[in-house]
Structures are given as structure tokens and as C-alpha cells.
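Nothing in this text is a laboratory measurement; each read-out follows from the coordinates by a stated rule. The shown structure was predicted, so the numbers you read here are calculated from the model rather than taken from an experiment. Positions of Cβ are generated from backbone atoms using ideal geometry, with glycine treated the same way; all protein chains shown enter the neighbour counts.
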Amino acid sequence: MRSAVFETVKVCIQLISSILAILLNSFLIYIIITKSPKKMGNYRSLMCLFCGISILFAALDLIVRPNIYSRGSAFFMMTDLRGSYLSRDVAQLLIWALCGCCGSTIYGIAVHFVYRFFALERQGRLRYFKGAYQIIWFSIPIIGGLNWSFICCYFFPMSPQSSEYLEPIIKDNFNISVSQVSYSGAVFWPTGEIRLPDFNWRHGLGFLNCIVLMQISFFVIIIMGAKSRIKIKELLKQGESKYSRELQIQLYKALVVQTLIPVLFIFIPFGILFTCPLFMINCEFLSAPLTIIYAIYPALDPLPILFYIDIYRNATREIFCSKCKSNRVDVFTVGNESRNSTDNSI
């Protein structure tokens, strides 16, 4: 059983992380809007959209305060309704939305990589991120998140069969009845034995959909990331200005780190946590740390942009440490290094 001390620490971490994530991402939106050079084009809007997703993620985590758990053939995310003003149905809806934020995150990263590659290759394809095209690209993370929420809603809802399996697990670990929680999760082998006739195909199909959707976005990230790396090497050999080269490298590094954070903190560990029940492998020991990691993630997300991109790092110093002002490059006085290119955006 999880101790009262752990629950208190968990709630405190969720509270602090959510507030910090909302403040950091809101601040990042502010400096993106006010400090970004015009040459960054619609990439500013993409970054703001990504920050907005993180703010929604943090707000939902603050409201739901989820517990993530896995044992036997089950994995689930639940929220304790004791003392909560949320009804069971509303709480489940918020859990689905919280899961959808994960889908929005990975699809948002994929769109970022496509934009960065288009900007680096400089063949004028950034026009596909303008006008009506921009709406299509920006809708991809939103649709991806809604799709993940739909998977949780349709394939992983609360059900009598799942509740019967989860009742002793929830009672043993949280000292609460399943009727006092709202949850979303899968029970692959309801009888507790790996026998094909007993397999819960609905939950299995939901799991398969999640894996396929993740692989599509990861495939885009890997391909575009590799191509972008090649283009950056070519850029270093060309006669671009030092400022333009460095900014391209900074944006690429920030994007790579911003990708590694959810991959290392969310998708790999949670992939393990969700896959093991399919084979009746007990990974219960991962549940507690992953619950904490899930809460911390939105606060980590804006840090790569703030640390790796000089424009925003210097702007932060100017705002919070006026005595430590650095000589920020005036982007408007930089030579017209892209005058002969087909697209002036970066």
C-alpha cells in the first residue's frame, strides 16, 4: 500500500510542477511574441501552440492529480474522488483529455521537425505553413490529441469487468474502493491467465492503435531529424552569416532536446509500463516514480527553448537579472544573408 507520506509528497509535487509549468510556458509565450525576430515567421506560432498544449497538460494534471498504476494484466490511470468536487463521469472525461495531451505533444514535435527541415532546405516549401495550410498543420497536434482521447474513451473506459479486476488492486494499494475512483485503463487478461479465449480484444485493439499512432509520429521525427542534421552540416559550409548559422543550430538543438524529454520521461517508460501487462509481466515498481515523472514533464518542456536559444535566454536575463544584461544581437541589423534564398524564414 502506498503510504500517506508518499501521497502527500505526490500531491505537493503535482501542485508545484503544474504551477511552475503554467508560469514557465506562459512566460515563454510572452518572450516568443515580444522578442522573436520577424524572420522566424510562423515558427513563432508553432512554438506558442506547443506551449499552450503544455499549459493545458499542467492544468489538467493539477485538477485530476492522477495515479498511474500497473499490476498483473492491467494498467490504468485513476483519480481519487474522495473530497473531490468532480463527478465520476466528469473526472473520467478529464482523464481522457489528459491522455490526449500526450498525443498532442508527440504530434506537435513531428510538425516542428517538418517545419525545421523545410526552413533548412530553403526551397520555398515554407509557403505550405502559411495561410490555409497553416491551419492544417496546426490542427494536426489537436486532431492527434483528440484521437488519443477517443482511444481512451472507446477502448479503455470504466466497465464492470475492468472494475471487478481492479477492485482488489486499488483496495490493496490505495485503500479505497473502485467505486470511489474514476479511471481509464486496460485489462488484457481478465481471468489472470494467458489463454487466448480470455483475451480482451477491445483493450488489445486500443493498445495496438496507440502503438501505431506513436510509430507514425516517431517515423516523421526520425526522418526529418536526420535530414535536418544533414542540411545543418551543409549550412555550415555555405557562406551564411555567423548569426544565421548559429540560430539554425540553436533551434535544432532545442528541438532535439525537447523531443528527448517526452521520449525519455514519458513514452519509453510508459511504453514499458503499458506493454508488460500484455505479457503478464509485473512492473508495479515503476508505477510510483512514473506518476511523479508524469507531473514533472510539463515543467521541463519549455526549458530547452529558454536555455538553448540565445534570443530567449538573453531576454530572460534582461527581464529577471537586469544587472547581468548581455549584449543581445540586434537581429534587425544583421546583413541580408538570405536575400538570395527562396525563403527568408528560419
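Some points to look at:
- Kirkwood hydrodynamic radius over Cα pairs of the stretch 1-159, then Stokes diffusion coefficient at 20 °C and 1.002 mPa s, in µm²/s: 121 µm²/s
- Order of Thr8, Thr105 - criterion: other Cβ atoms within 10 Å of each residue's Cβ, fewest first: Thr8, Thr105
- Cα principal axis extents for the chain, largest first, Å: 69, 46, 33
- Cα centre as origin, Lys/Arg/Asp/Glu Cβ charges: the chain dipole, Debye: 1540 debye
- A straight chain from Ile16 to Arg82 at 0.36 nm per residue would run longer than the Cα-Cα distance by 21.6 nm.
- Taking other C-beta atoms within 10 angstrom as a stand-in for reagent exposure, Ser73, Ser26 fall in the order Ser26, Ser73, fewest first.
- Shown here for the stretch 31-117: chymotrypsin sites (Phe, Trp or Tyr not before Pro) in loop regions (DSSP other than H, G, I, E, B) with at most 10 other Cβ atoms within 10 Å, namely Tyr85.
- Cβ-based exposure ranking for Val114, Val257, in which fewest neighbours within 10 Å come first: Val257, Val114
- For the chain, the longest principal axis of the alpha carbon atoms and the long axis of helix 242-262 meet at an angle near 0°.
- Cubic angstrom per residue, convex hull over Cα atoms of the stretch 4-79: 98 Å³
- Folded to 0 to 90 degrees: helix 287-300 orientation relative to the chain principal axis, Cα: 20 degrees
- Gained length - Phe267 relative to Phe6, 0.36 nm times residue gap less alpha-carbon distance: 91.6 nm
- Over 22 Å (Cα to Cα) - which of Lys233/Lys253; Lys10/Lys253; Lys38/Lys233; Lys35/Lys227 fall in this group: Lys10/Lys253; Lys38/Lys233; Lys35/Lys227
- Between 0 and 90°, nearest 10: helix 132-155 axis offset from the chain longest Cα axis: 10 degrees
- Residue range of the chain that is longest and free of trypsin sites (Lys or Arg not before Pro) which are both DSSP loop and sparsely packed (at most 14 other C-beta within 10 Å): 196-324
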